[in-house]
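Below: one structure, written as structure tokens.
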There are 2 protein chains.
Amino acid sequence: MSLTNGSPEAAATAAKTASFTLASLPASARNEALEAIHAALTASKDEILAANARDLELARKAAADGQLSQALVSRLDLGKKGKWEDMLQGILDVRDLEDPVGKVQLRTKLDDGLILERVSCPIGVLLIIFEARPEVIANIASLAIKSGNAAILKGGKESTESFIAISQVISSALSTTQVPNSAIQLVTTRDVILQLLSQDRSIDLVIPRGSNDLVRYIKENTKIPVLGHADGLCSIYLTATADKEKSAIAIVDSKTSYPAACNSLETLLVQDKALGTIWPDVAFALALKGVTLRLDEPSKAALSSTTLPDGTVLDATPEDYDTEHLNLTLAVKTVSTVEEAIAHINTHGSHHTDSIFTSNEAEAEHFMNQVDSAGVYWNASTRLADGMRYGFGTEVGISTNKIHSRGPVGLDGLTIYKYKIRGDYQPTTGYGEGEGQRPWKHEKLSF
Amino acid sequence: MSLTNGSPEAAATAAKTASFTLASLPASARNEALEAIHAALTASKDEILAANARDLELARKAAADGQLSQALVSRLDLGKKGKWEDMLQGILDVRDLEDPVGKVQLRTKLDDGLILERVSCPIGVLLIIFEARPEVIANIASLAIKSGNAAILKGGKESTESFIAISQVISSALSTTQVPNSAIQLVTTRDVILQLLSQDRSIDLVIPRGSNDLVRYIKENTKIPVLGHADGLCSIYLTATADKEKSAIAIVDSKTSYPAACNSLETLLVQDKALGTIWPDVAFALALKGVTLRLDEPSKAALSSTTLPDGTVLDATPEDYDTEHLNLTLAVKTVSTVEEAIAHINTHGSHHTDSIFTSNEAEAEHFMNQVDSAGVYWNASTRLADGMRYGFGTEVGISTNKIHSRGPVGLDGLTIYKYKIRGDYQPTTGYGEGEGQRPWKHEKLSF
């Protein structure tokens, strides 16, 4: 890992060159590099926490002056209970994941002695832009090395001292391994994000890790593919045939278990037929958890005989159905049919994760086929949309893209494939369906 | 299929709406639509050829005035032997391909009664921009319908009359099927390419079918992902251990079997040790086929005692190694090692298809791992890079992208996936590794 104060272009070019070496290292060499990083960070805990303390001191001053939020200061603190240990364990967890590189995905005999293979390989150079959380740098460096990709890291300025300390430790650790130093680079120059985003000849994929605003800014300002999502406006369509008690529990889970998460519920669509049966109980359960309900006319009227805490019920505005509140506010809208629910979600949602609660299988399948989202669920909490929960072992990010990777992205999302052919110099002109030509065999082989 | 003279934005929005309906049609309904198109085109041959004749007449006049090339006029002619029949057969061939939609790619039991599935689905709305060949419209409409994608088609102006005639026939054929009319739209308004390329809210993927200049222009002017390649600068590295006779045949095949194709050989890298042994025979075989050789010093000197036709040998300029000649011109450069060959290809190539000719397996594997191209071959002609030759049954295009699809793209390249979860309202808060929590099962299920 190197610390780059030079031009973004030089960093990108050096990363591209290093990526070729990294791409051909065996899994053992990549795993050894992760172990070396783990050992070096373990040995350098004191100096890294000292650097982190300097970041924290500046941040606390800025917070006292009202220039930084307390939440951000809290996220900066590497010394917080369990954070350091989790960061280190994360490196070993990534090491233990299955190697995503070199997997044969297809093998075809084109002819005798002419074999086509499709093999997974690293994408090349990743640009990872993240905000202030200092532990992210170790996680990201691990994911890049494990998947054989070079990476350029650009972190939030509030963690600069921590990032520099960690990257120096990683750098000296990598110097004892086969991973080239410039395969992982930390850019510390200020205000270079736009220049980095213009390096589309060298950088193959941008991965933003941070706020919606960061992601949106990046998507607006680069031609390089971006893996991520700006918004997480998830919906549940509650039909009249849903289970009342279970629905209340699952909707409370979707809304309140982590309101600031992108997979949290933002809009509840209630079938008109459910207004008098299931809805009041659901509303009551949400209100008990402190959720503020922004209601349309019918869903409000249906609660006229339900006693709710003061301030629980507000009138919804049209903007509420296009807003990712990220807090304990829930927009509620009444619809009559699954078609209306689907149309609302496809128009107002963010194509992230949407669920239908119903006991009607045909209706559920129709909903899952028609809703144009990365996750489409039947009787399931939107909070399930997560790489760890899906069993991927890690999560590179959650994508709402329509190509490459969609939904929670595991290590596979950092790979692409290449086609290899091993032949015996056969000229292509000899093949075909014409007279005297040799037909292709196109025989699928096992792999 | 509808004919759109309105705004590109209206076309894109209508296509997006239609895409949801199309995405949930069963394979049978999509295949029936292809059959309806086939039958309608068959029945309307005369009127379509009459429209085509009007395009041809204008084009011939323009050619006579020197405003159009004869090659373009020739490509316009739908009446040319076999072209009409091939176009019609192509529709049935696409119908007969395996359905790329609804394939289960992963099935995991997260817990009892909580099943995760990853299922292939259409991407959404394709924007397909092509040049004058009128038969392309039927091919593209077929691929889009088969893969469940809506498509906006914008063709070259020289074929306008043919396109309009074909699209009217397709439109009336589709009106008898379940495929919504605005799922396939032909935009006939002039000079709207830039406006179409800005519809990134509705259009999910751009597929250019045409010249390098067209592809480059599109890539420069849109934020929508582009599937394709601007250049095809393919190389072969000829080592001293390659088979002499077979190398000559395979290099001649790579260079001369279709010089204007993107997978044709443009640069031959000759190992210095092969200059006195294999190279003169290869040069002689190429010269016999009319190839002009642009040589560096050593490769030229090595031919001093080889008799070649006049004009066969020229001195290479540095630009030759960065040029896709697309004709019978071959740039030749001498290198000493496989590392030098790899570095040259990764720097000067277009990441399309590159091959090594050697009898050394370790060297070949190293080359295939290190060369950063969609196709990396050992003792095989670069001309193999083709969807039909790979056995995909069709070719949507050839991609040099590093994400989603790389190399020859079959129907699968027009799909993405979504995650479906079928559950029983389980709250996520109950799961985890903590005390009293329920661990995830993450059990792989068959599919």
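The values are calculated or read from the model by the stated rules, or taken from the named source; none is laboratory data. Being a predicted model, the structure only gives us computed values, none of them experimental. Quick reminder, even Gly has a Cβ in these numbers, built from the backbone with ideal geometry, and neighbours come from all protein chains shown. Ligands, DNA and RNA are excluded from the accessible area calculation, which covers all protein heavy atoms including side chains. Shrake-Rupley method; radii C 1.70, N 1.55, O 1.52, S 1.80 Å.
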**Message:** If you take the accessible area of A alone plus B alone and subtract the pair, what total do you get in square angstrom, rounded to 100, with a 1.4 Å probe?
**Reply:** 6400
**Calculated label separations, B:A43, copies of the chain, 7 Å along the beta-carbon direction, nm** = 8.1
**Asked** What number comes out for the charge environment of A:H442, summing +1 per Lys or Arg and -1 per Asp or Glu over other residues with Cβ under 10 Å away?
**Response** +2
**Straight-distance crosslink candidates among aspartates and glutamates, where the alpha carbon sits under 14 Å from A:K333 and sequence neighbours closer than 8 are dropped** = A:E266, A:D272, A:D296, A:E297, A:D315, A:E319, A:D320, A:D322
**Item:** Solvent-accessible area of B:H404 with every protein chain in place, 1.4 Å probe, in Å² to the nearest 10
**Value:** 30
**Complete:** Once Lys and Arg are counted +1 and Asp and Glu -1 for all other residues with Cβ under 10 Å from that of A:Y419, the total becomes +3
**Message:** Order A:R30, A:R54, B:R118, A:R216 by their accessible area, 1.4 angstrom probe, all chains in place, largest first.
**Reply:** A:R54, A:R216, B:R118, A:R30
**Fill in**
Too long for a 26 Å Cα-Cα cut-off, among A:K16/A:K223; A:K420/A:K444; B:K154/B:K255; A:K45/A:K81; A:K418/A:K441, are B:K154/B:K255
**Fill in**
Within region B:133-206, DSSP-loop trypsin sites (Lys or Arg not before Pro) with at most 16 other C-beta atoms within 10 Å are B:R190, B:R201
**Asked** Which of the residues in region A:201-224 lose at least 30 Å² of accessible area when you go from the chain alone to all protein chains together (probe 1.4 Å)?
**Response** A:K223
**Charge sum, other residues only, whose C-beta stays under 9 Å from A:R294's C-beta, Lys/Arg counted +1 and Asp/Glu -1** = -3
**Complete:** If you rotate chain A onto chain B, the residue of A with its Cβ nearest that axis, and the gap in whole angstrom, comes out as A:H404, 2
**Prompt:** How would A:D310, A:D372, B:D112 rank on accessible area, largest to smallest, probe 1.4 Å?
**Reply:** A:D310, B:D112, A:D372
**Prompt:** Considering every residue in A:345-356, what mean count of other chain Cβ atoms within 10 Å of its Cβ is obtained?
**Reply:** 1
**Message:** Run the helix sum for the protein assembly as shown: -39,500 (n - 2.57) per DSSP H stretch of 4+ residues, divided by residue count, reported at 222 nm to the nearest 500 deg cm²/dmol.
**Reply:** -11500 deg cm²/dmol
**Item:** For the protein assembly as shown, with +1 on Lys and Arg beta carbons and -1 on Asp and Glu, the positive-most of A:A380, B:P122, B:H442 along the dipole
**Value:** B:H442
**Message:** Given R₀ = 60 Å, what would the calculated FRET efficiency be for A:E85 paired with B:A301, taking r from the Cβ atoms and rounding to 0.05?
**Reply:** 0.35
**Asked** Label-point separation (nm) for B:R201 and A:S7, each offset 7 Å from Cα along Cα-to-Cβ?
**Response** 3.8
**Request:** Using a 1.4 angstrom probe on heavy atoms only, work out the carbon and sulfur share of the accessible area of region B:234-390 in %.
**Result:** 53
**chain A shape via C-alpha gyration tensor axes, a/c threshold 1.5** = oblate
**Averaged over A:395-405, number of beta-carbon atoms from partner chains that fall within 10 Å** = 4
**Prompt:** Taking chain B as a Gaussian network, where each spring joins two C-alpha atoms under 10 Å apart, which residue of B:E395, B:E245, B:E98 fluctuates the most?
**Reply:** B:E245
**Complete:** Here P(r) for the protein assembly as shown, Cα-Cα distances in 10 Å bins, as whole percents, is 2, 11, 19, 23, 21, 14, 7, 3, 1, 0, 0
**Item:** Extreme residue, positive dipole direction of region A:171-269, given options A:V226, A:P180, A:I207 (C-beta unit charges)
**Value:** A:P180
**Request:** Using a 1.4 angstrom probe, figure out how much accessible area region B:128-280 has per residue, in square angstrom, rounded to the nearest whole.
**Result:** 32
**Gaussian network model of chain B, Cα within-10 Å springs - most flexible of B:R406, B:R60, B:R133** = B:R60
**10 Å Cβ neighbours from other chains, averaged over peptide B:413-419** = 6
**Request:** Let me know the charge dipole size of the protein assembly as shown about its Cα centre in debye, to the nearest 20, where only the beta-carbon of Lys, Arg (+1) and Asp, Glu (-1) is charged.
**Result:** 120
**Message:** Can you compute 3J(HN,Hα) from phi for each residue in region A:74-79, using the Karplus curve 6.51 cos²θ - 1.76 cosθ + 1.60 with θ = phi - 60°, rounded to whole Hz and x for Gly and Pro?
**Reply:** 5, 5, 6, 6, 6, x
**Prompt:** Of all accessible surface on region A:66-177 at a 1.4 Å probe, what whole percent is carbon and sulfur?
**Reply:** 48
**Request:** Would you mind calculating the gained length between A:K45 and A:K223 on full extension (0.36 nm times residue separation, minus the Cα-Cα distance), in nm to one decimal?
**Result:** 60.2 nm
**Request:** Determine the order of A:K223, A:K289 by accessible area, beginning with the largest, at a probe radius of 1.4 Å.
**Result:** A:K289, A:K223
**Prompt:** Once label points are set 7 Å from the Cα along Cα→Cβ at both B:K246 and A:S211, what is their separation, rounded to one decimal in nm?
**Reply:** 6.2
**Message:** Tell me the accessible surface of A:D253 in square angstrom (1.4 angstrom probe, heavy atoms of protein chains only), to the nearest ten.
**Reply:** 10
**Prompt:** Based on the Cβ-Cβ distance of A:Q105 and A:Q67, what FRET efficiency does E = 1/(1 + (r/R0)^6) give at R0 = 45 Å, to the nearest 0.05?
**Reply:** 0.35
